[in-house]
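Asker: Below is the structure I would like to discuss, written out as structure tokens.
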Amino acid sequence: METEILARIQFAFTVAFHYIYPPLSIGLGLILVIFESIYVRTKNEEYHKLAKFWTKIFALTFGIGVVTGIVMEFEFGTNWAVYSRYVGDVFGSALAAEGIFAFALESGFLGILLFGWNRVKPWVHLVSTIGVFFGSMFSAIWIVVANSWQQTPAGYHIVGEGLNARAEITDFWAMVFNPSSVDRLTHVWLGAFLAGSFLVLSVHAYYLVKGRYVEISKKAFRIALIVATVFSLGQLFTGHRSADGVAKNQPAKLAAMEGHFDAKAPADMYLFGWVNKEKQQVTGVKIPGGLSFLLHYDPKAPVVGLNAFPEDERPPQVNAIFQFYHLMVAIGMTLIGLTLLASFLLWRKKLFQQKWLLRIFVLSVFLPQIANQVGWFAAEMGRQPWVVYKLLRTSDAFSQAVTDNQILFSLILFFVVYALLFSLFIYMLNKKIKHGPYNEDETELRPKTEEITQIITGKN
């Protein structure tokens with residue numbers, strides 16, 4: 001296998017594994033802020049227990065996310081030396097901003113969040129929870145900004161020539177607010193909120209199905225359902241904005257996502273299908289003129305297709321991009337339908353009697369994660385053959401000194417280590433879920449305490 005392909009596979013594997021955890025941390029951070037805010041306002045002890053329980057799971061995801069993220073920085077230097085030199089000024093600025101605005105904020109408050117229970121006042125602990133949540137949000141900002149710059153470069157000039165060429169920032173804020181950064185950031189944030197809220201929905205649906213921690217789980221489920229409903233609907237807006245941006249700034253990527261080959265013709269929108277690249281045909285179920293209508297509000301408006309670009313500037317894996325993109329959209333629509341149905345039943349006060357729906361929610365935890373992963377796959381593969389769009393080709397960006405055997409050996413080692421890490425994560429997560437928000441004998445003591453109080457006061 002070619003060195004470039006192996007280097008891409010290794011980076012894709014490490015990024016995909018790492019990206020399981022930051023969205024969970026961001027999403028759980030929002031849920032923690034909500035739980036703890038309700039506790040501080042109402043003094044309801046059950047929300048205190050929920051906040052403490054989910055803080056333990058947050059710490060687990062946060063820790064593994066930090067560890068797995070460090071590996072990628074080394075890969076830039078070992079496998080992608082030309083790329084690192086080319087974008088070093090841009091990435092260096094973004095990562096420095098992440099350290100100043102994100103890591104400093106997170107590290108400053110993380111200790112209080114994890115170990116400050118019963119040591120500081122509740123409102124102080126809430127402030128620390130908010131600080132950690134905002135820190136994770138800021139961290140996502142700078143990572144997405146750096147990646148978005150690769151998609152739509154802005155605020156730079158090129159210094160040097162050939163292998164010594166590199167991009168230097170001329171306008172920091174133009175780099176930050178490059179044409180795709182805001183739309184992509186909001187889409188990533190909402191995907192993270194869905195990942196966290198659906199983990200909470202899954203765990204408490206499991207408790208409700210099993211008849212454990214019923215009352216506290218109903219409270220947690222209601223809150224997580226509201227968060228999931230709001231942000232699953234919000235993804236419709238951010239997804240549409242992102243698609244509009246891709247159509248304007250990276251038309252070849254959008255053409256690959258929709259399997260549109262004609263250079264300039266009205267474009268259909270496929271619900272699902274299969275792309276034959278050689279025959280330039282898509283077999284599937286489509287809405288005639290649907291893509292043209294979404295982009296231009298006119299089903300007969302022309303849309304730029306793949307044939308408008310030289311063959312060496314088109315994304316090579318058209319069918320894979322098409323499948324990943326449509327799977328992301330399908331999952332997004334599924335989440336909307338699922339949350340709206342549950343919200344309707346909650347309003348009718350019939351939700352918690354629907355065991356079949358709760359079982360679906362137990363398994364639904366995988367859906368936001370899959371959507372986040374395939375969305376990134378579609379975005380990154382759709383940018384090919386460019387690692388920096390229209391500036392640096394992927395084939396020119398990898399290290400010439402590293403060999404295919406070296407990359408293959410390290411890839412196998414990464415696979416083994418990450419398999420162990422993932423097994424440890426699942427083991428610890430399962431252990432914490434089985435233990436629950438509190439010891440179950442507390443639920444047995446509460447009714448007895450109430451009975452004793454009634455006897456003392458003479459009430460029935």
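Asker: Of the residues K248, K300, which is part of a loop (DSSP other than H, G, I, E, B), more than 22 Å from T334 (Cα to Cα) and not aliphatic (A, V, I, L, M)?
Answerer: Values: K248 fails: part of a loop (DSSP other than H, G, I, E, B).
That would be K300, the only listed residue that is part of a loop (DSSP other than H, G, I, E, B), more than 22 Å from T334 (Cα to Cα) and not aliphatic (A, V, I, L, M).
Asker: Can I ask one more? Test F272 against the criterion of being part of a loop (DSSP other than H, G, I, E, B), farther than 30 Å from L30 by Cα and free of Cβ contacts under 8 Å to residues at least 60 places away in the same chain, and give yes or no. Let's see the steps before the verdict.
Answerer: On the way: part of a loop (DSSP other than H, G, I, E, B): no; farther than 30 Å from L30 by Cα: yes; free of Cβ contacts under 8 Å to residues at least 60 places away in the same chain: yes.
Against the criterion (part of a loop (DSSP other than H, G, I, E, B), farther than 30 Å from L30 by Cα and free of Cβ contacts under 8 Å to residues at least 60 places away in the same chain), F272 does not qualify.
Asker: Can you name every one of the helices (runs of 4 or more DSSP H) wholly within region 1-119 that holds 2 or more residues which are touching a residue at least 40 places away in the same chain (Cβ under 8 Å), out of contact with any His (no Cβ under 8 Å at 6 or more places or on another chain) and buried (at least 20 other Cβ atoms within 10 Å of the Cβ)? So that I can check it myself, show each step before the final result.
Answerer: Values: elements: 3-18, 21-42, 45-79, 81-98, 104-115.
Those helices (runs of 4 or more DSSP H) span 3-18, 21-42, 45-79, 81-98.
Here's the yes/no breakdown for (1) touching a helix residue (DSSP H, G or I) at 6+ places or on another chain (Cβ under 8 Å); (2) hydroxyl-bearing (S, T, Y); (3) within 30 Å of K218 (Cβ to Cβ):
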| residue | (1), (2), (3) |
| --- | --- |
| K277 | yes, no, no |
| K286 | no, no, no |
| P299 | yes, no, no |
| V318 | yes, no, no |
| Q354 | yes, no, yes |
| I370 | yes, no, yes |
| Q373 | yes, no, no |
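Asker: Given (1) closer than 30 Å to K355 by Cβ; (2) assigned to a helix (DSSP H, G or I), where does S148 come up short, assuming only one miss?
Answerer: (1)
Asker: Additional query: Quick check on my filter: what residues within region 133-169 are closer than 23 Å to F101 by Cα and in contact with a Lys or Arg (Cβ under 8 Å, 6 or more places away or on another chain)? Full working, then the answer.
Answerer: The first filter runs over region 133-169 and keeps only residues closer than 23 Å to F101 by Cα, leaving 133-150, 153-156, 168-169.
Of everything in region 133-169, those that are closer than 23 Å to F101 by Cα and in contact with a Lys or Arg (Cβ under 8 Å, 6 or more places away or on another chain) turn out to be V144, N147, S148, Q150, P153.
Asker: Just the residues that are among the charged types (D, E, K, R) and farther than 30 Å from W149 by Cα, please, taken from region 337-382. Let's see the steps before the verdict.
Answerer: Of region 337-382, the ones among the charged types (D, E, K, R) are 348-350, 355, 359, 380.
Once the filter is applied, which keeps residues that are among the charged types (D, E, K, R) and farther than 30 Å from W149 by Cα, region 337-382 yields R348, K349, K350, K355, R359.
Asker: For region 144-165, what are the residues that are closer than 18 Å to S395 by Cβ and touching a strand residue (DSSP E or B) at 6+ places or on another chain (Cβ under 6 Å)?
Answerer: Within region 144-165, Q150, A165 qualify.
Asker: Taking Y297, is it among the hydroxyl-bearing types (S, T, Y), under 16 Å from A243 (Cβ atoms) and surrounded by fewer than 18 Cβ atoms within 10 Å (Cβ to Cβ)?
Answerer: Values: among the hydroxyl-bearing types (S, T, Y): yes; under 16 Å from A243 (Cβ atoms): yes; surrounded by fewer than 18 Cβ atoms within 10 Å (Cβ to Cβ): yes.
Taking the combined requirement at face value, the residue satisfies it.
Asker: Can I ask one more? From L392, L429, grab the single residue that is closer than 30 Å to V82 by Cβ and touching a residue at least 24 places away in the same chain (Cβ under 8 Å). Lay out the reasoning, then the answer.
Answerer: On the way: L429 fails: closer than 30 Å to V82 by Cβ.
Answer to the check: L392.
Asker: Among the residues of region 255-294, write down those that are aliphatic (A, V, I, L, M) and farther than 24 Å from P316 by Cβ. So that I can check it myself, show each step before the final result.
Answerer: We begin by selecting, within region 255-294, every residue aliphatic (A, V, I, L, M); these are 255-257, 263, 265, 267, 269, 271, 275, 282, 285, 287, 291, 294.
Answer for region 255-294, where residues must be aliphatic (A, V, I, L, M) and farther than 24 Å from P316 by Cβ: L271, V285, I287, L294.
Asker: Here is a follow-up. Can you pull out every residue in region 209-228 that is surrounded by 21 or more Cβ atoms within 10 Å (Cβ to Cβ) and either at pLDDT 90 or above or in a helix (DSSP H, G or I) (or both)? It would help to see each step written out before you state the result.
Answerer: As a first pass, look at region 209-228 and keep what is surrounded by 21 or more Cβ atoms within 10 Å (Cβ to Cβ): 213, 216-217, 220-221, 224-225, 227-228.
Those that are surrounded by 21 or more Cβ atoms within 10 Å (Cβ to Cβ) and either at pLDDT 90 or above or in a helix (DSSP H, G or I) (or both): I216, S217, A220, F221, A224, L225, V227, A228.
Asker: With surrounded by fewer than 23 Cβ atoms within 10 Å (Cβ to Cβ) and within 19 Å of V362 (Cβ to Cβ) as the only criterion, which of Y156, Y206 stands out? First the steps, then the outcome.
Answerer: On the way: Y156 fails: within 19 Å of V362 (Cβ to Cβ).
Only one candidate passes the filter, namely Y206.
Asker: Inspect all residues belonging to region 253-268 and state whether any of them is of a type outside the set (A, V, I, L, M, F, W, C), more than 19 Å from T334 (Cα to Cα) and part of a helix (DSSP H, G or I).
Answerer: First, the residues of region 253-268 that are of a type outside the set (A, V, I, L, M, F, W, C): 253, 258-260, 262, 264, 266, 268.
Now drop any that are not more than 19 Å from T334 (Cα to Cα), which leaves 253, 258-260, 262, 264, 266, 268.
Remaining after also requiring part of a helix (DSSP H, G or I): 253, 258.
Within region 253-268, one or more residues are of a type outside the set (A, V, I, L, M, F, W, C), more than 19 Å from T334 (Cα to Cα) and part of a helix (DSSP H, G or I).
Asker: With respect to L185, determine if the residue is part of a helix (DSSP H, G or I), under 20 Å from V246 (Cβ atoms) and touching a residue at least 40 places away in the same chain (Cβ under 8 Å). Before you say what the answer is, go through the steps one by one.
Answerer: On the way: part of a helix (DSSP H, G or I): yes; under 20 Å from V246 (Cβ atoms): yes; touching a residue at least 40 places away in the same chain (Cβ under 8 Å): yes.
Here the answer is yes, as L185 does meet what is asked.
The values are calculated or read from the model by the stated rules, or taken from the named source; none is laboratory data. None of the values given here were measured: they were computed from a predicted structure. Backbone-built Cβ (ideal geometry, glycine too); neighbour counts: all protein chains shown.
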